[in-house]
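Everything on this sheet refers to the single structure shown next.
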Amino acid sequence: MIVFSSEMPPIIRILVLLMGAALMTGMTVAFERFRMFQFRRRKDLKDIETELAALGARRLSWDGAEIVRQIQSGDLLVSGIPFYRFEGFQVLRGMMYLLTATLFCLTVLAIAAAYGWGPLAGT
């Protein structure tokens, strides 16, 4: 990481890490809010679907596994790399939390190093 090069002034290192941690925190919150709204809209659409079923409306596919089966059988055509096989939200969510925590830890270590403490303080 460039922020830990020996030529980097400690205050710049701290500011860069703090900005990165703040950005990751904001992105993680935005991601969680997006997911929350997605669950809410899914429920709303399922409720509307139930009401329209009495009028003869067809049922929609909501389950990810069902949609993957449709793709694999050729009923639904998609282009690009077949990432549809993976539950990406859980992996992405875990990565975002891990990166956020790591950036905050590195920020704390950089602050401690600026005061001559901790493993990054040098000799």
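The values are calculated or read from the model by the stated rules, or taken from the named source; none is laboratory data. Computed from a predicted model, the values in this text were never measured in an experiment. For neighbour counting, all protein chains shown are included, and Cβ atoms are generated from backbone atoms with ideal geometry for every residue, glycine included.
Scanning region 58-94 for residues that are surrounded by 12 or more Cβ atoms within 10 Å (Cβ to Cβ), at pLDDT 85 or above and under 12 Å from the mean Cα position of the chain (by Cα) gives Leu92, Arg93. Selection of region 98-118 for residues being assigned to a loop (DSSP other than H, G, I, E, B) and either of a type in the set (A, V, I, L, M) or in contact with a helix residue (DSSP H, G or I) (Cβ under 7 Å, 6 or more places away or on another chain) (or both) yields only Gly118.
Quick check: anything in region 78-88 aliphatic (A, V, I, L, M) and either touching a Leu at 6+ places or on another chain (Cβ under 6 Å) or on the phi > 0 side of the Ramachandran plot (or both)? Within region 78-88, not a single residue is aliphatic (A, V, I, L, M) and either touching a Leu at 6+ places or on another chain (Cβ under 6 Å) or on the phi > 0 side of the Ramachandran plot (or both). Checked against the criterion of being hydrophobic (A, V, I, L, M, F, W, C), part of a loop (DSSP other than H, G, I, E, B) and at pLDDT 85 or above, the candidates Leu23, Leu18, Leu55 yield just one match: Leu55. Scanning region 100-123 for residues that are surrounded by 17 or more Cβ atoms within 10 Å (Cβ to Cβ) and without any contact (Cβ under 8 Å) to a residue 40 or more places away in the chain yields a single hit, Leu109.
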